[in-house]
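S.K.: Can you keep this structure in mind? I'll have questions shortly.
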Amino acid sequence: MIEVHGLTKRYGDFTAVRDLSLRVGSGEVLGLVGPNGAGKTTTLRCLAGIIPASAGTIHLAGHDLTATPVAAKRALAFFPDEPRLFEYLTVRQHLNFVARIYGVRNHETIAQPLLEEFEIADKADQLPGELSRGMKQKLAIACGLLHGPQVLFFDEPLTGLDPLGIRRMKNSILQRARAGATIVLSSHLLHLLEEVCTHVLILKKGEKIADGTIPEVAARFSQGEPTVNLEEVFLRATGGTEG
């Protein structure tokens, strides 16, 4: 579970995120959307403890990120839009390294199914320089899932993936949610969010302007129409700004 109250992030006189509160329960997938510069990535980085918040409280899987940061971070995985890998470690060595950091015992029994799930088992002895952009993304995600995190943060997870890879990634996200993981997903691909998210939160200029289940948010901006898709909701909520 994720519980956030009054999250604020300032850079000098500029406030990137202002007084943001949210709650995401076990098995829920929250879609974080907003125009470029709305504060989505800043929000995710604060929630993951990568950058410190200026104010507010963050609880992840029952752990206070400020008071018990190690326990909180052990419960999460953060997947940035640009995979960060070690150029001189093979695919298999990346997984071995991550397993040692998190103290994952008998990690091979977990690593091999992940390699197969993301279709990189045949690349196990290759270096990152020999992998495509999409394969690097898959490796980064496999490494992040190795320790069985309860909280998952995805920032544009489909970058570099082909259509089949996109389908498998969506299935992987849904599979983890059904298993009880708490997931926040930031993407400009609104059709993806409609397919996998249970809830949506819309940011604009660092402030929350709408949140709730997708039907609840759609009803708020439906203007009396029977059905409104998430793209139309986004455009109406943000004043016609493209995401």
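S.K.: So, Val91, is that one in contact with a helix residue (DSSP H, G or I) (Cβ under 6 Å, 6 or more places away or on another chain) and surrounded by 14 or more Cβ atoms within 10 Å (Cβ to Cβ) or not?
M.R.: Yes.
S.K.: With closer than 15 Å to Glu156 by Cα and at pLDDT 80 or above as the only criterion, which of Leu190, Leu174, Leu201 stands out? I'd like the intermediate steps shown before the answer.
M.R.: Values: Leu174 fails: closer than 15 Å to Glu156 by Cα; Leu201 fails: closer than 15 Å to Glu156 by Cα.
Sole residue among the options that is closer than 15 Å to Glu156 by Cα and at pLDDT 80 or above: Leu190.
S.K.: Further question on the same structure: Return the pairs, sorted by first residue and then second, in which the second residue is surrounded by fewer than 15 Cβ atoms within 10 Å (Cβ to Cβ) and among the hydrophobic types (A, V, I, L, M, F, W, C), the first residue lies in region 10-33 and is part of a strand (DSSP E or B), the beta carbons are less than 7 Å apart, and the residues are 6+ apart or on different chains.
M.R.: none
S.K.: Within region 16-41, how many residues turn out to be of a type in the set (S, T, N, Q), more than 13 Å from Asp211 (Cα to Cα) and more than 12 Å from the chain's Cα centre (by Cα)?
M.R.: Kept after step one, since they are of a type in the set (S, T, N, Q), are these residues of region 16-41: 21, 26, 36, 41.
Cutting the leftovers down to more than 13 Å from Asp211 (Cα to Cα) gives us 26, 36, 41.
Now narrow it down to the ones that are more than 12 Å from the chain's Cα centre (by Cα): 26, 36.
Looking only at that region, the number is 2.
S.K.: Provide a single number: the residues in region 27-39 that are modelled with pLDDT of 95 or more and loosely packed, with under 15 Cβ neighbours inside 10 Å.
M.R.: Residues flagged as modelled with pLDDT of 95 or more and loosely packed, with under 15 Cβ neighbours inside 10 Å within region 27-39 amount to 0.
S.K.: Out of region 104-120, which residues are assigned to a loop (DSSP other than H, G, I, E, B) and either in contact (Cβ under 8 Å) with a residue 12 or more places away in the chain or hydroxyl-bearing (Ser, Thr, Tyr) (or both)?
M.R.: The answer is Val104, His107, Phe118, Glu119, Ile120.
S.K.: So, one more: Only one of these conditions is not met by Gly56: (1) more than 30 Å from Gly129 (Cβ to Cβ); (2) buried (at least 22 other Cβ atoms within 10 Å of the Cβ). Which number is it?
M.R.: Condition not satisfied by Gly56: (2).
S.K.: So which pairs qualify, if the first residue must be in region 155-178 and within 22 Å of Leu76 (Cα to Cα) and part of a helix (DSSP H, G or I), the second must be small (Gly, Ala, Ser) and modelled with pLDDT of 85 or more, the Cβ gap must be under 8 Å, and the two must be at least 6 apart or on different chains?
M.R.: Note: pairs meeting the criteria are Ala177/Gly27; Arg178/Gly27.
The values are calculated or read from the model by the stated rules, or taken from the named source; none is laboratory data. If you're wondering where the values come from, they're calculated on a predicted model, not measured in any experiment. Positions of Cβ are generated from backbone atoms using ideal geometry, with glycine treated the same way; all protein chains shown enter the neighbour counts.
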